[in-house]
Amino acid sequence: MAKEIGKDRLGDFYIDGGKVRKRREWRGISDTLYDYSRWLVIMATLGKFVMKPRNVKAMFRYRWMANYLAVPMMVDRHTQGLRGEYLRICHTEQDLVIDDVAKLLDSLFRGDRRIGNDTEFSKKVVLVDENEMTAVMMGFPTLKVLSRETPSTYVSVLLNQHAAEHYIDVAQEHGLAGDVCPMPEAEAGVSIDDDAPVLGACAIQCNTTCDGSLLGNGVISRRLELEDGIPVFQLAAPLRHREDDVQEYAAQEIRNAIAFVEKHTGVKWDWGAYFECAKRVNYATRCRQEWLEMNRTPYPQVFGSNLALYTETNYMAICGRVAAFEKADRKISKLAQQAYAKKKRAAKEYRHRAIVWGVQSHYYMDFLVWLLNCWGIVPLTDMLSMVSTRELVEEDTPENRETAIYDMAWLTENMIMRNRTHGGYRVLLDELWEFTQQFKADMVILWEHMSCKALTGMHGMFEDRARELGINLVWVGHDLFDPRIISRQGVRDQINNYMRTVMREEPIDPSLEVLHDEESW
């Protein structure tokens with residue numbers, strides 16, 4: 001048992017083929033007590049959630065709810081090997097995300113016609129799909145903005161790698177193609193399987209990232225409108241989002257969406273509330289820029305899972321609407337500054353500085369902390385964290401109200417994944433190599449999601465450019481939500497083979513090279 005970073009063989013904690021580890025990690029008295037106290041906070045959050053009878057009822061009604069038993073284990077996976085400020089940054093982010101998802105679930109079941117059936121509450125609910133930027137709801141403080149897909153598919157796969165398999169199979173049995181991205185396919189499968197809460201005054205869907213998303217949204221909206229009687233607005237953001245000539249159209253889509261919500265909820269847009277949210281969005285943007293600036297130095301502080309998961313939640317799903325995230329941003333920045341001043345590192349050895357690009361595997365999101373602990377590869381930033389850096393207007397004036405419409409359009413166009421998979425090869429290909437230079441990276445870990453046609457179609461172009469620049473390019477194949485195609489160990493083996501055969505290196509922690517965790521959460 002070790003207090004110092006890198007002294008433990010972290011792979012020895014796992015039970016072969018089991019669902020749990022042999023013991024918790026010893027991190028010294030201070031860090032162990034802190035980690036255990038946060039574990040108790042997580043258990044308190046879960047306990048508070050299950051104290052409500054309607055939430056217990058939902059545990060038995062919805063198949064995907066069983067995955068939430070694995071919440072503490074997920075946090076343990078993301079905190080492996082962390083000490084000091086890094087441990088506290090991770091818990092600050094993860095614990096807040098867990099609390100936010102618990103509130104989302106509680107609200108879904110409160111309005112659900114099958115569970116809580118609170119009809120008055122349901123009239124104040126606007127459903128949004130998982131991949132949608134929630135900027136269009138920043139001026140509706142009295143409405144509840146809820147996503148059914150986030151807890152049923154996205155979060156459940158982070159908790160349990162096998163969570164989406166049933167719904168993928170349901171969708172394919174229904175007739176959807178097998179080569180469609182498993183994420184929208186699983187979301188459609190939940191709807192087909194009648195396993196989604198039914199509530200809301202209306203819903204907004206967005207033409208998010210790909211044809212697969214449009215297909216899934218079509219299945220879901222058909223059920224919402226024709227069976228559940230919930231009207232759906234299709235927010236069609238332009239694909240060429242870097243071009244000036246599409247911005248008026250994009251702004252008009254925002255105006256139409258706001259009018260749609262006002263019509264079906266009877267609630268008017270509140271500009272005061274919008275500009276308060278805009279200030280929080282700007283603060284989050286400045287914090288993210290500060291973290292990325294640190295990551296350009298030899299002493300990066302907020303990176304890997306700490307950056308990726310939190311950015312996805314704070315930037316897109318929250319979008320300034322929850323004040324607690326501003327407080328968390330401030331705390332994370334303070335911890336990062338403390339560690340940076342002391343020139344601290346999150347692992348005993350940093351061998352390579354990497355940019356992680358492409359659509360990351362959601363059934364193996366602790367891959368980033370594994371890279372660090374096993375091979376000393378520092379994942380400085382990832383594609384989904386390199387989102388809009390443009391600040392919004394904050395002052396409520398007639399001119400700024402008009403500008404704000406364009407700001408919301410810009411945010412919607414530049415939502416996570418969309419801002420890189422659309423807009424031409426420059427945003428996906430050229431800017432990657434600009435980032436490698438800015439961050440002084442010597443390696444690119446390129447997720448190759450086999451069902452993502454946008455990225456795999458440019459395979460050769462990535463290879464050619466990496467060769468020209470002398471960048472080590474590591475392809476990691478996966479199928480996003482479906483570990484039956486490429487398992488967790490299959491993902492790790494692609495890195496292991498590259499590091500041993502191409503880089504001629506040995507792992508920092510050999511116990512992590514092969515883990516028999518196919519059946520684990």
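Overview of values
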quantity: Single condition Phe233 does not satisfy, out of (1) over 20 Å from Asn131 (Cα atoms); (2) among the aromatic types (Phe, Trp, Tyr); (3) buried (at least 20 other Cβ atoms within 10 Å of the Cβ); calculated: (1)
quantity: Out of Lys344, Lys348, sole residue that is more than 17 Å from the chain's Cα centre (by Cα), open to solvent by 10 Å² or more (accessible area, probe 1.4 Å) and modelled with pLDDT under 95; calculated: Lys348
quantity: Test: residue in region 12-30 that is assigned to a helix (DSSP H, G or I), within 28 Å of Asp509 (Cβ to Cβ) and among the hydroxyl-bearing types (Ser, Thr, Tyr); calculated: yes
quantity: Filter result for Glu293 (part of a helix (DSSP H, G or I), under 30 Å from Arg83 (Cα atoms), of a type in the set (D, E, K, R) and modelled with pLDDT under 95); calculated: no
quantity: Test: residue in region 427-434 that is under 19 Å from the mean Cα position of the chain (by Cα) and over 30 Å from Ile258 (Cβ atoms); calculated: yes
quantity: Region 340-358 residues that are under 18 Å from Met499 (Cβ atoms), paired with ones that are open to solvent by 70 Å² or more (accessible area, probe 1.4 Å) (beta carbon under 7 Å, 6 or more apart); calculated: Arg353/Lys440
quantity: Conditions (1) open to solvent by 20 Å² or more (accessible area, probe 1.4 Å); (2) at pLDDT 95 or above; (3) of a type outside the set (S, T, N, Q); (4) under 20 Å from the mean Cα position of the chain (by Cα); number of the one not met by Val97; calculated: (2)
quantity: Residue list for region 62-77, filter: open to solvent by less than 20 Å² (accessible area, probe 1.4 Å), part of a helix (DSSP H, G or I) and of a type in the set (Phe, Trp, Tyr); calculated: Trp64
quantity: In region 484-508, residue nearest to Gly457 (Cα to Cα) [restricted to those that are touching a helix residue (DSSP H, G or I) at 6+ places or on another chain (Cβ under 6 Å) and open to solvent by less than 10 Å² (accessible area, probe 1.4 Å)]; calculated: Val491
quantity: Residue among Glu468, Glu431, Glu413, Glu463 that alone is within 30 Å of Ala135 (Cβ to Cβ), surrounded by fewer than 19 Cβ atoms within 10 Å (Cβ to Cβ) and either at pLDDT 90 or above or acidic (Asp, Glu) (or both); calculated: Glu431
quantity: Residue in region 363-372 that is over 19 Å from the mean Cα position of the chain (by Cα), in contact (Cβ under 8 Å) with a residue 40 or more places away in the chain, surrounded by fewer than 19 Cβ atoms within 10 Å (Cβ to Cβ) and part of a helix (DSSP H, G or I) present; calculated: no
quantity: Output for region 217-230, where each listed residue is under 21 Å from Asp112 (Cβ atoms), open to solvent by less than 40 Å² (accessible area, probe 1.4 Å) and part of a helix (DSSP H, G or I); calculated: Asn217, Val219, Ile220, Ser221, Leu224
quantity: Gln301 being modelled with pLDDT under 95 and not in a helix (DSSP H, G or I); calculated: no
quantity: Every pair of residues 6+ apart whose Cβ atoms lie under 7 Å, when the first sits in region 257-284 and is farther than 27 Å from Tyr310 by Cβ while the second is among the β-branched types (Val, Ile, Thr) and open to solvent by 10 Å² or more (accessible area, probe 1.4 Å); calculated: Val267/Thr142; Trp269/Ile258
quantity: Which numbered condition Val267 fails, given (1) among the β-branched types (Val, Ile, Thr); (2) part of a loop (DSSP other than H, G, I, E, B); (3) buried (at least 24 other Cβ atoms within 10 Å of the Cβ); calculated: (3)
quantity: Residue match in region 293-312 (condition: closer than 22 Å to Asp366 by Cβ and open to solvent by 30 Å² or more (accessible area, probe 1.4 Å)); calculated: no
quantity: So Ser487, is it under 21 Å from Cys181 (Cα atoms) and among the hydroxyl-bearing types (Ser, Thr, Tyr); calculated: yes
quantity: Single residue of region 167-182 satisfying the filter (open to solvent by less than 10 Å² (accessible area, probe 1.4 Å) and not small (Gly, Ala, Ser)) that is nearest to Arg54 (Cα to Cα); calculated: Tyr167
quantity: Neighbours by Cβ (under 6 Å, 6+ apart or cross-chain): first from region 407-421, in contact (Cβ under 8 Å) with a residue 60 or more places away in the chain; second part of a helix (DSSP H, G or I) and open to solvent by 10 Å² or more (accessible area, probe 1.4 Å); calculated: Met415/Met316; Ile416/Glu312; Ile416/Met316; Thr421/Ala454
quantity: Members of region 241-252 found to be at pLDDT 95 or above and open to solvent by less than 60 Å² (accessible area, probe 1.4 Å), listed by number; calculated: Ala251
quantity: Residue list for region 438-460, restricted to those being under 29 Å from Val246 (Cβ atoms) and open to solvent by 50 Å² or more (accessible area, probe 1.4 Å); calculated: Gln438, Lys453, Gly457, His459
quantity: Test: residue in region 122-130 that is among the basic types (Lys, Arg), touching a Lys or Arg at 6+ places or on another chain (Cβ under 6 Å) and part of a loop (DSSP other than H, G, I, E, B); calculated: yes
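Matching residues to (1) open to solvent by 10 Å² or more (accessible area, probe 1.4 Å); (2) of a type in the set (A, V, I, L, M, F, W, C); (3) over 30 Å from Glu248 (Cα atoms):
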| position | (1), (2), (3) |
| --- | --- |
| Ile318 | no, yes, no |
| Ser333 | no, no, yes |
| His352 | yes, no, yes |
| Ile355 | no, yes, yes |
| Gln360 | no, no, yes |
| Val378 | no, yes, yes |
| Val393 | yes, yes, no |
| Ile405 | yes, yes, no |
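The values are calculated or read from the model by the stated rules, or taken from the named source; none is laboratory data. Model, not experiment: these values are computed from the prediction. Reconstructed Cβ throughout: ideal geometry from the backbone, glycine too, with neighbour counts over all protein chains shown. These area figures cover heavy atoms from the full protein model, side chains too; ligands, DNA and RNA do not enter into them. Shrake-Rupley method; radii C 1.70, N 1.55, O 1.52, S 1.80 Å.
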